[in-house]
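Comments concern the structure below.
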Amino acid sequence: MNPNSQNVTDYTNDNTIFMAWNFKDNLEVRTTFNQVCRLLINLNNSANVRFPVSRASCVMGIGHDAWLRLQLPTPLPKELVNFVPVVGGKHTAVSSKGDLHFHIRADNTSICYDMASAISDTLAPVAVSTEEVHGFRYWDSRSILGFVDGTENPQGQDRELFGMIGDDDPGYKGGSYLFVQKYIHDLTAWKGLSTEQQEKVIGRSKSNDIEMADDVKPSNSHIALANVGDELKIVRDNMPFGNMSTNEMGTYFIAYASTFSTVQKMLDNMFIGNPEGNYDRILDFSTPKTGSLYFVPTFDMIDELSSD
């Protein structure tokens, strides 16, 4: 029987709330975690029944330290570790602690708020919210930098192939590795570039989203370094967020992957460079403020954990 996976392969919705929580020290947290597992199943089932056309869902990821503290099954998923910062000559992919992560999305904003409220009410006695980012769809799935975001995403059945664990880790088949980073963009500096200069940073045309030919595309463009081959893809569900007047607009980068090593290779290319020193030019305008790795268990596993 195929595993009942969380909604990691769903396509981008119009509204999203990203939440990261850390457990408080010196508290018993497993009882509350069990409640969260039951709540997660309830929220998804209820959304499917009440709002079937809204494409509403809530995906939960569990960090390495939380997995150990909660005494979840061993051995752990093969690549579930604490994310180690990627330090380049100029830019660093920082690491931030994350015990639980929730990816709430729907075409209807109200559903997202209600889900976030229910999760917060349950977790607040034993955990602290470290991030709550409200994302929105910007035009035709563009980042706030003005370029279409996610063009290289796998489509159709390939989303499951690249987004979910397969037979190489049978105990966790149908699960997924979730990696997130909150980027803040310097839009003032970005807007100081001409459209042609911006296109060279990204490696695509701004208006019609066509990738530059290999002999034209700069070697330090985002497309050249972040794409590591047709056999190594991830499922992105990035969303813009922020405040325009204070120049604090950002992108919440979120990747579901069958193997974290694919994401690691992308980060190494971007921050260290390929070759070393040839880092991703977009990092001169986009600064990561967080970086956390989680494992997304199947609903089957969550159901088992809810009653342990």
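The values are calculated or read from the model by the stated rules, or taken from the named source; none is laboratory data. The shown structure was predicted, so the numbers you read here are calculated from the model rather than taken from an experiment. Heads up, the Cβs are rebuilt from the backbone with ideal geometry, glycines too, and the neighbour counts pull from every protein chain shown. Heavy atoms of the whole protein, side chains included, go into the accessibility calculation; ligands, DNA and RNA do not. Shrake-Rupley method; radii C 1.70, N 1.55, O 1.52, S 1.80 Å.
So which of 191/217; 97/206; 78/182; 97/217; 182/233; 24/78 end up more than 31 Å apart, counting from Cα to Cα?
On the way: 191/217 21 Å; 97/206 35 Å; 78/182 25 Å; 97/217 36 Å; 182/233 20 Å; 24/78 26 Å.
Checking Cα-Cα distances, 97/206; 97/217 exceed 31 Å.
Only Cα pairs under 8 Å and at least 6 apart count here; give the relative contact order of segment 174-300 as a rounded whole percent. Display every interim value, and only then the final one.
On the way: 218 pairs, mean separation 55.5, N = 127.
Relative contact order, segment 174-300: 44 percent.
With label points built 7 Å along Cα→Cβ from the Cα atoms of residue 188 and residue 139, find their separation and express it in nm.
Each label point lies 7 Å from its Cα, and together they span 2.3 nm.
Hey, could you get me the Stokes-Einstein D for segment 9-103, Kirkwood radius over alpha-carbon pairs, 25 °C and 0.890 mPa s, rounded to whole µm² s⁻¹? Before the final figure, lay out each step's value.
Details: Rh = 15.8 Å.
Calculated translational D: 156 µm²/s.
Would you mind getting me the FRET efficiency between residue 74 and residue 48? Use the beta-carbon distance for r and R0 = 30 Å, nearest 0.05. Can you show the working numbers first?
Details: r = 32 Å, r/R0 = 1.08.
Working from the Cβ atoms, E equals 0.40.
Over the chain, consider all pairs of different Cα atoms and compute the Kirkwood hydrodynamic radius from their mean reciprocal separation; express it in Å, one decimal.
Working: mean 1/r = 0.0502 Å⁻¹.
The answer is 19.9 Å.
Relative contact order of the chain, please, whole-number percent, based on alpha carbon pairs below 8 angstrom and at least 6 residues apart. Mind dumping the intermediate values first?
On the way: 629 pairs, mean separation 92.5, N = 308.
About 30 percent, as a whole number.
Which value in nm describes the separation of the simple spin-label points at residue 87 and residue 34, placed 7 Å from the Cα toward the beta carbon?
My value for the distance between the label points is 4.3 nm.
Taking all protein chains in place and a 1.4 Å probe, what share, in percent, of the accessible surface of the chain do carbon and sulfur account for? Mind dumping the intermediate values first?
Details: 6820 of 13810 Å².
The computed percentage sits at 49.
Taking 0.36 nm per intervening residue step and subtracting the Cα-Cα distance, what contour gain separates residue 196 from residue 109 on full extension?
Values: separation 87, 0.36 × 87 = 31.32 nm, distance 3.58 nm.
Answer, rounded to one decimal: 27.7 nm.
Take peptides 71-82, 16-27 and line them up by average Cβ neighbours within 10 Å, highest first, as a rough protection proxy. Walk me through the numbers on the way to the answer.
Details: 71-82: 14.8, 16-27: 17.8.
Descending mean neighbour count gives 16-27, 71-82.
Is any helix in the chain, taking whole DSSP H runs, at least 20 angstrom long along its axis by alpha carbon and on average at least -1.0 on the Kyte-Doolittle scale, and which ones?
30-50, 109-123
Relative contact order (percent) for segment 83-234, with alpha-carbon contacts under 8 angstrom and 6 or more residues of separation? Could you put the intermediate results ahead of the total?
On the way: 92 pairs, mean separation 21.7, N = 152.
RCO, segment 83-234: 14 percent.
Starting from 0.36 nm per residue, how many nanometres of slack lie between residue 278 and residue 245 once their C-alpha separation is accounted for? Show your work: numbers first, answer last.
Numbers: separation 33, 0.36 × 33 = 11.88 nm, distance 3.26 nm.
Using 0.36 nm per residue and subtracting the Cα-Cα distance, I get 8.6 nm.
Per residue, what accessible area does the chain have, given a 1.4 Å probe and all protein chains present, in Å²? Numbers along the way, then the final one.
Working: 13810 Å² over 308 residues.
For the chain, the solvent-accessible area averages 45 Å² per residue.
Placing unit charges on C-beta atoms (Lys and Arg positive, Asp and Glu negative, everything else neutral), compute the dipole magnitude of the chain about its Cα centre in debye, rounded to 20.
Working: 25 positive and 39 negative charges, 110 e Å.
Here the size comes out at about 520 debye.
Do the sum for the chain: with -39,500 (n - 2.57) for every DSSP H run of n ≥ 4, divided by all residues, what is the mean residue ellipticity at 222 nm, to the nearest 500 deg cm²/dmol? Walk me through the numbers before you get to the answer.
Working: 9 runs with 82 residues, N = 308.
So the helix-based figure for the chain works out to -7500 deg cm²/dmol.
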